[in-house]
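Here the structure comes first, spelled out in structure tokens, and everything after it is commentary.
Readers should treat all values here as calculations from the given coordinates under stated rules, not as data from a laboratory. Just so it is clear, the model here is predicted, and its values are computed rather than measured. Because the Cβ atoms are built from the backbone with ideal geometry, glycine has one as well, and the counts that use them run over all protein chains shown.
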6 protein chains.
Amino acid sequence: MATVKLIEYEEASPEVKAVYDDIMTTRGIDWINNFWKAIAVQPDMLRRTWEGVKAVTAPGALDPLVKEMIYVAVSVTNGCEYCINSHTASARKKGMTDEMLGELMAVVGMANQTNALVTGFQVELDKVFQNGGRKP
Amino acid sequence: MATVKLIEYEEASPEVKAVYDDIMTTRGIDWINNFWKAIAVQPDMLRRTWEGVKAVTAPGALDPLVKEMIYVAVSVTNGCEYCINSHTASARKKGMTDEMLGELMAVVGMANQTNALVTGFQVELDKVFQNGGRKP
Amino acid sequence: MATVKLIEYEEASPEVKAVYDDIMTTRGIDWINNFWKAIAVQPDMLRRTWEGVKAVTAPGALDPLVKEMIYVAVSVTNGCEYCINSHTASARKKGMTDEMLGELMAVVGMANQTNALVTGFQVELDKVFQNGGRKP
Amino acid sequence: MATVKLIEYEEASPEVKAVYDDIMTTRGIDWINNFWKAIAVQPDMLRRTWEGVKAVTAPGALDPLVKEMIYVAVSVTNGCEYCINSHTASARKKGMTDEMLGELMAVVGMANQTNALVTGFQVELDKVFQNGGRKP
Amino acid sequence: MATVKLIEYEEASPEVKAVYDDIMTTRGIDWINNFWKAIAVQPDMLRRTWEGVKAVTAPGALDPLVKEMIYVAVSVTNGCEYCINSHTASARKKGMTDEMLGELMAVVGMANQTNALVTGFQVELDKVFQNGGRKP
Amino acid sequence: MATVKLIEYEEASPEVKAVYDDIMTTRGIDWINNFWKAIAVQPDMLRRTWEGVKAVTAPGALDPLVKEMIYVAVSVTNGCEYCINSHTASARKKGMTDEMLGELMAVVGMANQTNALVTGFQVELDKVFQNGGRKP
């Protein structure tokens, strides 16, 4: 269920069907997960979102598995249950082991802790870290 | 500045000095950044936090640069300015290029968008993603 | 269920009953939703919260439906399931169509993405935007 | 400043220049704000993000000013300083008065409060609100 | 500065002046901090917010210093710089020592870490903790 | 369930068993809650996290019940369902009454509201609050 009606392939408009087809082809699967069926309520949002997801998860300077783990890290910090489960599943399919998941969570946990401490004490940024260490 | 007095090396207790020494040795540097000087207000917190950070950033199943980028992803999602700048600087020192930073942010941006969409429509988790795709 | 006992109308104190009555009269309904029954654990909090909600959702410079959609946007960003569902329901009752909900979510999604990108790159505020564009 | 070098119009690649031109034409202005100059580090991200922002802020079922205020509501909840200032400025340009800004913030404030109360007491969703009040 | 004009005492309407007077009397001070001067843009919001803050910080089942520290904990988790600084200052005035602040932050830090771990692994709630341990 | 297999006492390694034993001894209970069984996927994370939780919840300058309520306040603000329920249950065991829980939530609610208002109007910090009121 969802706050909008999920749009199944059979009832989809040609514009929506084209996106569904591209999702299945790109991923080599024969089904569409609920996320896409929900945002299909606005075909333009569906198309743009899929283009974005497709672009950022494609191989590039970063490894696809690394990208998937970054996706999990953000989803955990936002507390998005659907996203944590779906991207953890995707990461496992791309080779993430229990050990890697354990390390990923250890980093995410420490990052959330030290983020809170820095913020809580209102620590001033060291000069050397300004602009993320970039030489102006 | 900060909401507590930063504790400089010279005035630190032996317990705090020992942690400062280990930080500098482990990182091959000769200075301590403000974060540690702030949390030194509670020496036990300083020691435990350093042990945690040291453990999760050490090489393991995940590459140290990957861990640093995961740290950045969490810090961005939490909006922690100090953390974003300091970990971006660390990632650059470990080899992150502008291209990699660009891809990292592209993933973080899309993840924050799709997290919001999934949550906004209250999309139900597909069965296949339950338990992060783990076979029970 | 909840972490406190929900207080039903029949067992409520006169102070709580008076708030329940005002909620039902103001909204033209004959039941009280769980939120109010939970915060009734502290009658003063119940009264103040209801006064606040009543005040901010009344017609004013902004349209009641617009206010309801703003409520949804905040609830999505906070990931509050109860709030998303209840305010989406209220917005529908006030005339929100699927198309409007789609556009609302499209904005919420893009805002969460660009918020993350601005923060991730630590972009400095352009002069012209200072003080929200207000002339000092 | 930012954690990446801002790309000015003069030094931009044709692909980036094309997006900059479209931003200026669409908005009827002759300058580019820092946000776009930062994400231009990855031209594809620049193009997709601009397409998204352009699409969601165009007139549709919702009024452009309403969309701008929704953008502000999300940015406040995320604590994004750049975003709050820039979108408040945009909303003012589209006609938002001090009174409207006051009401917007009153709703955002109450929403953040009641979100916390619902979550804090773990209030169970009333049946009538399930699926955002949508009839299945 | 702020995105609205701060309203000084001299130029305030009688309704706003009355709230300012009550703030100064209640707190035994002779000045108004910027927060109130900003939300005075909407006198009704000023009045309601002050009533709420006055009510929740008054002595009750919880000690005023404890309440102030809870305020700090929430502000840290939300990353609100103004709020962290002002409530840390208030807590210090009410007797919070560096040692207490250190312990407060140690708890806030661990809570943010374990929150992330629980969420990251999607841990199912133990039966005994349901409804916050309340017997139904 | 969880995204990793929960490790029961019987099947745990000696390192994990030692932590489980210390948890049960410290708390005077004969069972382990799901959180620890999940993070046991990485024994080092289990050990460090338990040491941290044990340290911050021990009596100190702050009362154990106060610490538990601070834990609840952070968990509410993060929206962590498991954490809210488990720490509310712990706080009740340590003496938190319904009245205290009501006051705790009233503070958490107001803090989330005023945090949003301060941020929404981008209120500048008063000089007297700088560094949390600490004299430099």
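Quick notes on this one:
- Surrounding net charge for residue A:2, when Lys and Arg each add one and Asp and Glu each subtract one, Cβ distance under 9 Å: +2
- Residue-averaged [θ]222 nm for the protein assembly as shown, counting only DSSP H segments that reach four residues, each worth -39500 (n - 2.57): -20500 deg cm²/dmol
- Net charge dipole size for chain B [Lys, Arg +1 and Asp, Glu -1 on Cβ; Debye, nearest 20]: 380 debye
- Charge-dipole axis of the range E:1-58 as Lys and Arg at +1 and Asp and Glu at -1 on Cβ define it, positive-most pick from E:19, E:6, E:50: E:50
- Computed over chain A, relative contact order equals 16 percent, with contacts defined as Cα pairs under 8 Å that lie 6+ residues apart.
- The share of Cα pairs per 20 Å bin across the protein assembly as shown, counted from zero up to the longest distance, runs 16, 53, 29, 1 percent.
- Seen from all directions on average, the range D:1-58 presents a Cα convex hull projection of 3.9 nm².
- For the range C:119-133, putting each phi into the Karplus relation 6.51 cos²θ - 1.76 cosθ + 1.60 with θ = phi - 60° gives couplings of 5, x, 9, 6, 6, 6, 5, 5, 3, 5, 8, 4, 6, x, x Hz, in residue order, rounded to whole numbers and with x for Gly and Pro.
- About the Cα centre, charge dipole magnitude for the range F:1-58 (Lys/Arg +1, Asp/Glu -1 at Cβ), debye: 220 debye
- Counted by Cβ distance under 12 Å from residue B:94, the other residues give a net charge of +2, where Lys and Arg count +1 and Asp and Glu count -1.
- Each copy carries residue C:97; placing its label point 7 Å along the C-beta direction from Cα gives inter-copy distances of 2.9, 4.9, 5.5, 5.5, 6.6 nm, listed from smallest up.
- For the range C:87-131, the list of GluC sites (Glu not before Pro) that fall in a loop by DSSP and count at most 15 other C-beta atoms within 10 angstrom reads C:124.
- For the pair the range E:1-80 and the range A:80-114, the centres of their Cα atoms are 41 angstrom apart.
- Separation of the alpha carbons by more than 19 angstrom is noted, of F:54/F:93; C:127/D:93; A:135/B:37; A:54/B:93, for A:135/B:37; A:54/B:93.
- Normalised alpha carbon radius of gyration of the range C:60-121 [divisor 2.2 N^0.38 Å]: 1.18
- Relative contact order computed over the range B:59-122 (Cα-Cα under 8 Å; 6+ residues apart), in percent: 34 percent
- Prolate is the label for the range A:85-136. Its Cα gyration tensor axes, ordered a ≥ b ≥ c, give a/c of at least 1.5 and a/b above b/c.
- Listed residues E:113, E:62, E:88: farthest to the positive end of the dipole of the range E:59-122 (Cβ charges): E:62
- Using a 7 Å projection from Cα along Cα-to-Cβ, the label point at residue B:27 is separated from the same position in the remaining copies by 3.5, 3.7, 3.7, 4.1, 5.3 nm, smallest value first.
- Cα-projected label distance for residue A:13 with residue A:63, points at 7 Å along beta-carbon direction, nm: 4.2 nm
- Charging the Cβ of each Asp and Glu at -1 and of each Lys and Arg at +1, and nothing else, the dipole of the range E:51-130 about its Cα centre rounds to 220 debye.
- Rg/Rh for chain D, where both radii come from Cα atoms and Rh is the Kirkwood radius: 1.07
- Note on residue C:30/residue F:27: beta-carbon distance plugged into 1/(1 + (r/R0)^6) with R0 of 51 Å gives a FRET efficiency of 0.60.
- Principal-axis tilt of helix D:64-78 within chain D, Cα atoms, nearest 10 degrees: 80 degrees
- Radius of gyration and maximum dimension Dmax of the range C:51-94, Cα, Å: 10.1, 28
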